[in-house]
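To start, the structure under review is shown below, and the notes come after it.
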Amino acid sequence: SAPQPLSPSASHPLGAFVFQPSILSSLQPISSSGGARKAAGLRLKAVASAPSLGKELRQDFPILQRVVYEDKPLIYLDSAATSQKPRQVLEVMDNFYKKTNANVHRGAHRLSVEATDMYEAARDKIANFVNASRDEIVFTSAATEAVNLVAYSWGMNSLKEGDEIIISVMEHHANIVPWQMVAKKTGAVLKFVKMGADGGLDLEDFRAKLSENTKLVAVVHVSNTLGCINPVKQITQEAHAVGAKVLIDGCQSVPHMKVDVKDLDCDWLIASGHKMCAPSGSGFLYGKLDVLREMPPFQGGGEMIDEVFLEYSTYAEPPGRFEAGTPAIAECVGLGAACDYLEEIGMDRIEQYEHYMTKVLFEALEPIESINIYGPEPKADGSGRAALAAFNHRSIQASDLATFLDMEGVAIRSGHHCTQPLHRILDVSGSCRASCYLYTTEEEVMEFAEHLKSTIQMFDNIESSFEID
C-alpha cells in the first residue's frame, strides 16, 4: 500500500512525514551489539526483484573499502555534499598527469595537442550528457562560479531598476547571494516563492509572483534539503510566456537522473562535477548559444580573447569567451570521465535504483518516532523525491547526532546545508541529512538506522539518569 503521511508537526511548518512499512515487513532484525557489518541494522530477505546497484559498483570506489575508528567500516551517507570518485575517473586523471600533462590550446607539440584533445573531448561528453551542443558548455570550477558568471555577465548588464528576479526560499546560498548582489547593484527586485504544505515548491505562489516585470527565474531542480523535485519544465514554460529567462540549479538532479536541457528549454543550467563522481574544482554552465553570444566576458585574460591591442581587445566566441586563463585541465578531463562512467551504467538505471534506495531509507527511519523528516513524502515505489532525508530529533542537536554516528563509522551531514533561509522557515538552526547515491547499499542504510536508534537511546538514558538523580 502507498505510504500514509501523518499530520504536519506544529513546530515545523512543512510537517514531518512518517511512512507505513512495506519493505520493513520483509526484514528481520538482528542484534546490534556485535561487529559493525555483521550485527547491525536489518537484514534484507528478498531483494532479487531489485538487484543492488550499490553492491555491483562497490569495488569501483576505493574509499568505500576504508575502515575508520579501528573496526568501523565507512558508511558514507553524505553524497549530497560531495560524491565519492570511482577508480575509472581517478585512473584517467592519474594517466593524464603521468603521460599527457601540458597546457591546452597553446602549443604545437605532441603533449599539448593530446591534452587539448582530451580537454575538448570532455566538453563533448558533457554536452552529450545533457543533450546540448558543445559550444553551449562552459567549463567552470563548480556550480557557484557558473551562477556568478551568469549573474555578473548577464545580470549586471541586462537588469535595471524595477525588474524582478524570482527565486525560491529553498535555494542554495549559491543561487541566492549572487542575485542579492545583482539586485543591490541594479535596483532589481528579488521575489521568493514559498513552499507548499507538502514540503515542495508552491507552484500557485510562483504563478502569483510571475508578471511582465519578471526578467529572471532562478530555481533549484532538486532541493538539497527538502529532496523535492520541482517542476522546472513547467516553470520554464510559464516564465518564457512572460518573456523571462530561466536558470536551473541542476546540482542535485544532473548526477541522479537524465536531464535534457533541450526538453527543459531552460536558458541556463548549472552543475558541479564533484557531486557526480568527478573531482572537486570541476563543473559546467550550459547556456543557449544565442544567449551566451549576447553576454560579455566574465573575466579577462588569456584564452578568452580573439585579438588584443594596446587600446582595446576583441573576444572569442562562446564558450571560450568565458574561460579565461589556464583551465583546470585534469579536473575537466576527470569530469568527462565521470560522464562516461555514469553513461555506461545508464542514468535511467541510476534513477530507478535511487527510487528504491529512497524507499529503503524512509522505511528504515519510519520506526523512529522522535524525528521529523522534512520535505514531501515519496511515492509507494520511492519515486517523487530525492534519495536523501534531512531530519531533526525533537530534543537532540543535529551536530550531536552526527558526531556520535561518526564514531560508528557513519558519515552524514549536519548543519544548514547552505540553506539558512529555509532552515529559518523550518524554525531550526540546522538539521541532519543522510543522502544516498548509486554506490549506497541497502545494508548501509539499515545499519545507519540502527546506529541512529542506539544513539538516540543513549541520549535518552543519559536524560533519564539525570532525572533520577
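The values are calculated or read from the model by the stated rules, or taken from the named source; none is laboratory data. Being a predicted model, the structure only gives us computed values, none of them experimental. Counting neighbours? That spans all protein chains shown, and the Cβs are built from the backbone with ideal geometry, glycine included. Note: areas computed on protein heavy atoms with side chains; ligands, DNA, RNA excluded. Shrake-Rupley method; radii C 1.70, N 1.55, O 1.52, S 1.80 Å.
Here are the numbers for the structure shown:
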| item | result |
| --- | --- |
| Subset of the range 254-303 [free of Cβ contacts under 8 Å to residues at least 60 places away in the same chain, outside any loop (DSSP other than H, G, I, E, B) and either of a type in the set (S, T, N, Q) or in contact with a Lys or Arg (Cβ under 9 Å, 6 or more places away or on another chain) (or both)] | Leu264, Arg293 |
| Gly107 being assigned to a loop (DSSP other than H, G, I, E, B), without any contact (Cβ under 8 Å) to a residue 12 or more places away in the chain and open to solvent by less than 60 Å² (accessible area, probe 1.4 Å) | yes |
| Scope the range 372-406; condition outside any loop (DSSP other than H, G, I, E, B) and surrounded by fewer than 19 Cβ atoms within 10 Å (Cβ to Cβ); matching residues | Ser399, Asp400, Thr403, Phe404, Asp406 |
| Residue match in the range 415-435 (condition: within 23 Å of Phe61 (Cβ to Cβ), in a helix (DSSP H, G or I) and not charged (D, E, K, R)) | no |
| Tally of residues being at pLDDT below 95 and either surrounded by 19 or more Cβ atoms within 10 Å (Cβ to Cβ) or under 16 Å from Val360 (Cβ atoms) (or both) across the range 36-57 | 14 |
| Neighbours by Cβ (under 7 Å, 6+ apart or cross-chain): first from the range 115-136, at pLDDT 95 or above and in a helix (DSSP H, G or I); second surrounded by fewer than 21 Cβ atoms within 10 Å (Cβ to Cβ) and among the small types (Gly, Ala, Ser) | Ala115/Ala102; Ala127/Ser133; Arg134/Ala127; Glu136/Ala127 |
| Scope the range 271-296; condition farther than 30 Å from Ile350 by Cβ and open to solvent by less than 40 Å² (accessible area, probe 1.4 Å); matching residues | Met295 |
| Near pairs, Cβ below 8 angstrom, 6+ apart or cross-chain, from the range 203-227 (over 30 Å from Ser83 (Cα atoms) and of a type in the set (D, E, K, R)) to any residue that is open to solvent by less than 10 Å² (accessible area, probe 1.4 Å) and outside any loop (DSSP other than H, G, I, E, B) | Asp205/Val193; Lys209/Ile166; Lys209/Val193; Lys215/Ile165 |
| Residue in the range 87-104 that is nearest to Phe322 (Cα to Cα), counting only those that are touching a residue at least 24 places away in the same chain (Cβ under 8 Å) and either open to solvent by 70 Å² or more (accessible area, probe 1.4 Å) or out of contact with any helix residue (DSSP H, G or I) (no Cβ under 8 Å at 6 or more places or on another chain) (or both) | Asn101 |
